[in-house]
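The values are calculated or read from the model by the stated rules, or taken from the named source; none is laboratory data. These figures come from a predicted structure and were not determined experimentally. Every residue, glycine among them, receives a Cβ derived from its backbone with ideal geometry; neighbour counts consider all protein chains shown.
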Amino acid sequence: MGIIGWSSEGEFLASIRILGRLLRLRELEEDQGRLLLKAAAVVREELSGEMTDAIEEAELGRRTFHFGVERSDSIDRAAGLVASGAGERLREHLKPRLRAAELELERQRTEFLNRRTSRLQVETLEAEARLLENADAGRRAQQMLDDWYGRRSNPGESKPTPGALSLRGGAEMEGASTSSIHGEDEVDTSD
């Protein structure tokens, strides 16, 4: 009898291997998503820095303009207007790019979280499958131990009960003990 829900132990072990491969694939996808998220964050930070510089340039231009007005210096006024205008134009030029970078960062963050969730789901499935495998192996080992102990405790009963299955083939065997089926000699335990 295989693990509950599986027709054979071989299919179950194959599914564990497949889950292991899928887990490695999901880990690679998550790492790729992490790199894309970091790249999007770098682009956003660069544009944010450029936006800050543009705002500071426009502010410096306004201060230079006011300084030129106070001193009646036409060169400072002209320089202030040019700097202020350049800063404002750069700021207006960067606004849509910064907004697009923020949207891309949010998209990459969502993708990364989806990939992480997918990896965690596969990781959970693989862990549960391994637990099932270990539990089934424990049940099989206990059954074999019970069978061995039963044969050892009742040496006079060499015939299996009608309808009993052998450990190897699953076919009914009459007139032979399970130890003789496997080629083992009966051990005398009457010491």
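The requirement of being more than 17 Å from Leu37 (Cα to Cα) and at pLDDT 90 or above is fulfilled nowhere in the range 101-119; no residue meets it.
Ala41 falls short on exactly one of the conditions (1) more than 23 Å from Arg109 (Cα to Cα); (2) at pLDDT 90 or above, and that condition is (1). Mind listing just one residue for me: the one in the range 133-156 that is in a helix (DSSP H, G or I) and of a type in the set (S, T, N, Q) and, of those, surrounded by the most Cβ atoms within 10 Å (Cβ to Cβ)? Per the criteria, the residue is Gln143. Taking the criterion of being surrounded by fewer than 16 Cβ atoms within 10 Å (Cβ to Cβ), under 21 Å from Leu23 (Cβ atoms) and of a type in the set (A, V, I, L, M, F, W, C), the residues of the range 94-131 that qualify are Leu113, Leu120, Leu125, Ala127, Leu131.
Take Arg91 and tell me if it is out of contact with any Ser or Thr (no Cβ under 7 Å at 6 or more places or on another chain), among the basic types (Lys, Arg) and surrounded by 18 or more Cβ atoms within 10 Å (Cβ to Cβ). So Arg91 fits the description; yes. When Ser84 is tested against the conditions (1) within 41 Å of the chain's Cα centre (by Cα); (2) surrounded by 17 or more Cβ atoms within 10 Å (Cβ to Cβ); (3) not basic (Lys, Arg), the lone failure is (1).
Residue under question is Arg77, and the condition is that it be in contact (Cβ under 8 Å) with a residue 40 or more places away in the chain, in contact with a helix residue (DSSP H, G or I) (Cβ under 9 Å, 6 or more places away or on another chain) and either surrounded by 13 or more Cβ atoms within 10 Å (Cβ to Cβ) or acidic (Asp, Glu) (or both); does it hold? No: the conditions fail for Arg77. Checking Gly5, Gly49, Gly10, Gly20 one by one, the residue that is at pLDDT below 95, assigned to a helix (DSSP H, G or I) and loosely packed, with under 13 Cβ neighbours inside 10 Å is Gly10 and no other. From the list Arg71, Arg34, Arg63, the one residue that fits, being over 30 Å from Arg139 (Cα atoms) and either of a type in the set (Asp, Glu) or at pLDDT 95 or above (or both), is Arg34.
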